[in-house]
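For reference, the structure discussed in these notes is given below.
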Amino acid sequence: MCGIVSIAYGSDNPDLGKEAAALLRRLEYRGYDSTGASFIDQRGRVRLMKKVGAPSKVCKELGVEAGRRFIGQVCWATYGAVTDLNSQPHKVSCKVDLVGAHNGNISNTDGLKNWLSRRGHAVVSDNDGEIIVHLVEEAYAANLASPEAPLQGMRSAFAASGLREAPPEGVLLMIDAIRHAEALAEGSYAAAVADPKIEGVFAVKSGSSLYAGVGKDGQGDFIVVSSDLTSVLSKTRGLIPLAEGEGLWFTEKAWFVFTLSGELSFSKPRIKRSRLGVRDTSLDPRYRHFMEQEIASGPANLDAVLRYYFKDPAAEALAGVFEEKREASKEVLDGLASLGDGPAAELAPGLEALLSAPAWTEVTGRLKAAGLGPETWTHPGGSFLCDEAGLLGELLRLLPERKKELGLLDTLFVWRKRRAVLRYRHELEASISEASKSGGRVFLLASGTSHHASLIAATFFDSLAGVAVYPCNPGAFRSCYMASLSPKDFVLGISQSGETKDLVDVFQEMREKVPGLKRACLVNNENSRIPQELSDFYLPLLCGPEIAVAATKSFMSQLAILYVAAAGMTLPDAELASRLTQARDLAEAALESTRPAVETTARALALRPSLHILAAGQIGLAREGALKIREVVLNHTEGCDAAEFKHGPNTILGKNTIFSLDDVARVLGAFRAALGEDKALGKLDGPGILKARPELVEGLFRDYPLIFVCPPDPREVRVTVSQIHTHKIRGADIVVIAERNGDLALAAAGQPAGRSQYWSNYIELPPSGDPSLFVFSAAAVLQLLAYRMSVIKMEWLDALGVEAHGVHPDAPKNVRKSITVD
């Protein structure tokens with residue numbers, strides 16, 4: 001996965017270099033292999049700057065560059081080695097001057113490269129992004145040579161759109177060329193391309209994420225596009241809606257959308273105001289990294305699940321009136337949402353108009369008649385809780401005297417969303433129940449962290465609902481179950497982004513092969529492709545933007561909603577809400593109470609090159625804990641069932657040849673001491689030294705670290721105690737993550753005979769007495785452990801002067817937030 005970004009102003013912006021650097025740095029989590037920027041000034045001159053390295057390093061060299069248009073890219077290399085030449089953007093001039101960049105994969109790159117070469121193009125890199133720019137160049141040059149035929153069709157389609165001002169001929173010819181390139185390219189990508197000689201930039205959304213926004217700053221009007229929503233939100237909250245398979249032409253304030261394939265059409269969708277702002281994606285000064293901030297917010301985000309997945313007894317009287325006056329309530333909410341899509345100057349007068357409209361009078365009049373006056377309209381805390389909290393906050397600053405009315409609008413928005421979420425929650429429970437009773441199967445389909453949540457969810461459904469579900473990643477699902485799917489089955493996809501490529505592909509394939517199969521999804525990004533285009537219904541995670549690459553708070557919300565889905569099949573809502581509240585409190589308490597023990601463990605394990613996490617009865621928890629450490633610490637870590645470890649993986653215990661830099665440093669220190677005693681060692685080669693002084697080899701060996709995660713279940717405790725004793729005598733250091741248990745504590749603390757270097761630690765979780773609720777506190781602690789290990793190792797490597805080591809809690813090497821390539 002890579003990331004593209006582009007912005008256009010009406011005239012040369014003297015600080016466009018600073019602007020570009022800020023936008024590129026927001027994309028660093030999507031790619032750190034290389035960074036590039038192209039600047040086009042008012043006279044059509046292009047300056048291209050690109051090189052190997054992450055934006056945080058390369059952008060320092062961009063300097064202050066003036067320009068009117070900018071196209072930039074950060075790369076996580078998939079085609080071509082990591083070199084300056086393979087970096088993007090690409091400037092081509094074989095037949096006409098163009099500059100462009102892409103994010104994604106063009107799977108037929110090799111064949112297209114030969115095809116282009118035969119047509120006189122010099123393809124100088126191995127990067128598939130260059131292929132896209134050359135494909136557009138080939139068709140564009142042909143159009144410029146013979147413009148009559150393409151222009152005729154383009155003008156006809158534009159006239160049919162009803163849009164008023166026709167764009168310049170060059171723009172239409174370029175769009176036709178982009179459509180030709182789209183027809184030839186196989187794969188999924190987003191791209192931005194510009195001809196320096198004509199107005200604007202052309203952006204393409206063909207299988208990869210792309211967002212566009214309209215705004216105004218100190219340099220004037222602008223339009224910005226990016227693979228990443230947060231970089232757009234850093235400039236504006238006014239978004240241009242873009243659907244899959246659409247392209248966008250834009251200048252600083254003019255734009256329209258066009259189709260990339262099929263029948264050509266043009267449109268100018270209305271600007272939508274984002275519910276999120278840059279504040280939602282900023283780092284709180286209390287935290288050093290986004291991962292730390294997101295771990296801390298994970299338990300609190302369960303409040304949103306409690307708010308929307310359950311009825312609020314305190315608001316039932318208000319909800320009754322809203323239901324009675326549903327059409328008027330809808331009219332009020334739609335009016336406010338429409339107001340939010342308009343310019344800021346119209347906010348205050350627009351609200352006053354809304355509050356004097358008949359629909360508002362109808363709703364508030366009925367409330368007052370029911371004895372529900374303004375004192376009942378706001379939440380007890382007084383803060384805004386709905387998705388439109390940002391808009392309501394802006395209105396409150398403009399019209400503080402309207403606080404009670406804004407409170408009612410907030411309550412209305414919560415009611416409407418809760419109404420939809422509850423409907424889909426019950427549809428999910430019904431779909432699972434129906435599939436199970438009819439002889440169908442229930443599949444939980446996900447990748448990475450989301451797959452681990454599905455593994456844990458399988459234990460929820462089994463123990464709480466007595467329902468068997470099948471957790472699968474997309475590859476296993478396709479190879480093991482796709483051919484046997486039937487309309488009796490039910491599939492729930494789980495994805496933070498809603499854009500994961502392998503999940504998208506499987507959902508598309510299911511839709512084509514089994515049209516009657518019901519498909520739903522659990523997502524954080526509600527506007528993404530899987531919920532909007534590929535599912536019958538969806539449920540929202542409600543955890544807000546997640547910036548760090550490693551998923552933490554979204555995992556916690558996934559667990560909560562999957563717990564609700566499972567337990568809701570047998571428990572009354574009041575009891576279920578009470579349990580979920582307990583889960584939230586347990587996770588919060590765990591993060592606070594275990595910090596000293598987690599810190600001790602992190603310092604002991606951060607430089608250990610390999611470890612295993614062994615969970616009793618919760619393999620999903622073990623795998624997720626291991627994944628977090630692999631992702632952000634870059635230490636080899638495996639997660640498996642505690643009892644399964646003895647079936648082969650236990651051969652790693654005792655002496656093994658997995659060594660770290662820390663081990664090497666200790667041996668070098670010992671060698672230096674030995675050299676002082678025996679100068680002859682200096683004449684020997686490496687193997688000779690080790691043979692002459694075998695104690696140097698012995699100094700490399702250390703007991704292997706095992707982390708046991710044990711729920712409060714008598715059987716699992718017995719299994720874990722047995723496994724601890726079995727493994728520590730064979731050369732294992734032991735860490736236990738569990739609620740208070742004397743047997744576990746004694747098993748871990750006892751030093752095996754003959755193992756003077758044995759080390760152990762017990763991370764005691766708050767008491768729950770419930771194996772399912774235990775998952776929430778254990779998950780939070782495993783995340784915190786991974787975070788602290790990452791910071792400790794990163795600082796150690798930085799102090800050594802190791803360059804490009806890739807250890808970072810927010811943006812580790814080789815992994816990206818949403819995998820949008822095959």
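The values are calculated or read from the model by the stated rules, or taken from the named source; none is laboratory data. Everything numeric here is computed off the predicted structure, so don't read it as measured data. Cβ placement follows ideal geometry from the backbone for every residue including glycine, while neighbour counts extend to all protein chains displayed. Side chains included, ligands, DNA and RNA excluded: accessible areas come from the protein's heavy atoms. Shrake-Rupley method; radii C 1.70, N 1.55, O 1.52, S 1.80 Å.
The sole residue among 778, 738 that is under 24 Å from residue 300 (Cα atoms) and in contact with a Cys (Cβ under 7 Å, 6 or more places away or on another chain) is 738. Among the conditions (1) at pLDDT 95 or above; (2) open to solvent by 10 Å² or more (accessible area, probe 1.4 Å); (3) over 12 Å from residue 212 (Cα atoms); (4) touching a helix residue (DSSP H, G or I) at 6+ places or on another chain (Cβ under 8 Å), residue 249 misses just one, which is (3).
For residue 709, the conditions (1) over 19 Å from residue 622 (Cβ atoms); (2) part of a strand (DSSP E or B) are fulfilled apart from (1).
In segment 100-117, the residue that is farthest from residue 30 (Cα to Cα) out of those that are in a helix (DSSP H, G or I) and among the hydroxyl-bearing types (Ser, Thr, Tyr) is 117. Just one of the listed residues (583, 560, 548, 566) is among the aliphatic types (A, V, I, L, M) and out of contact with any Leu (no Cβ under 9 Å at 6 or more places or on another chain), and it is 548.
Which residue is farthest from the chain's Cα centre (by Cα), if the candidates are limited to segment 530-553 and must be in a helix (DSSP H, G or I) and at pLDDT below 95? Ranking the qualifying residues of segment 530-553, first place goes to 533. One residue is enough: does segment 721-736 have a residue meeting the conditions open to solvent by less than 10 Å² (accessible area, probe 1.4 Å), hydroxyl-bearing (Ser, Thr, Tyr) and in a helix (DSSP H, G or I)? No: zero hits.
Filtered by the rule that a residue be assigned to a strand (DSSP E or B) and either under 21 Å from residue 233 (Cβ atoms) or open to solvent by 10 Å² or more (accessible area, probe 1.4 Å) (or both), segment 1-34 gives 3, 4, 5, 6, 7, 8, 9, 10, 11, 12, 13. In segment 788-822, of all residues being at pLDDT below 85 and not aliphatic (A, V, I, L, M), the one that is farthest from residue 547 (Cα to Cα) corresponds to 803. Search segment 750-771 for residues being small (Gly, Ala, Ser) and open to solvent by less than 70 Å² (accessible area, probe 1.4 Å), and hand back the single one that is nearest to residue 598 (Cα to Cα). Residue satisfying both the conditions and the ranking: 760. Can you find a residue in segment 630-640 that is open to solvent by 40 Å² or more (accessible area, probe 1.4 Å) and among the hydroxyl-bearing types (Ser, Thr, Tyr)? For segment 630-640, residues open to solvent by 40 Å² or more (accessible area, probe 1.4 Å) and among the hydroxyl-bearing types (Ser, Thr, Tyr): absent.
Can you name the residue in segment 588-621 that is part of a helix (DSSP H, G or I) and free of Cβ contacts under 8 Å to residues at least 60 places away in the same chain and is also nearest to residue 655 (Cα to Cα) among such residues? Here the residue is 596.
So which residues in segment 483-506 are among the acidic types (Asp, Glu), over 20 Å from residue 438 (Cβ atoms) and outside any helix (DSSP H, G or I), if there are any at all? Correct list: 499 only. Suppose the filter is assigned to a strand (DSSP E or B), within 28 Å of residue 14 (Cβ to Cβ) and touching a residue at least 24 places away in the same chain (Cβ under 8 Å); does residue 258 pass it? Against the criterion (assigned to a strand (DSSP E or B), within 28 Å of residue 14 (Cβ to Cβ) and touching a residue at least 24 places away in the same chain (Cβ under 8 Å)), residue 258 does not qualify.
Here segment 149-207 is the region considered, the condition is being of a type in the set (Gly, Ala, Ser), touching a residue at least 60 places away in the same chain (Cβ under 8 Å) and open to solvent by 30 Å² or more (accessible area, probe 1.4 Å), and the residue that is nearest to residue 36 (Cα to Cα) is 187.
Can you find a residue in segment 125-146 that is touching a residue at least 24 places away in the same chain (Cβ under 8 Å) and surrounded by fewer than 16 Cβ atoms within 10 Å (Cβ to Cβ)? No, there is no match, as no residue in segment 125-146 is touching a residue at least 24 places away in the same chain (Cβ under 8 Å) and surrounded by fewer than 16 Cβ atoms within 10 Å (Cβ to Cβ). Of all residues in segment 111-168, those being in contact with a strand residue (DSSP E or B) (Cβ under 6 Å, 6 or more places away or on another chain) and among the β-branched types (Val, Ile, Thr) number 4. Being under 27 Å from residue 811 (Cβ atoms), in contact with a strand residue (DSSP E or B) (Cβ under 9 Å, 6 or more places away or on another chain) and in a strand (DSSP E or B) is a property that does not hold for residue 88. If the condition is being part of a helix (DSSP H, G or I) and under 20 Å from the mean Cα position of the chain (by Cα), then segment 458-474 contributes only 474.
Among residues that are of a type in the set (Ser, Thr, Tyr), part of a strand (DSSP E or B) and at pLDDT 95 or above, residue 762 is included.
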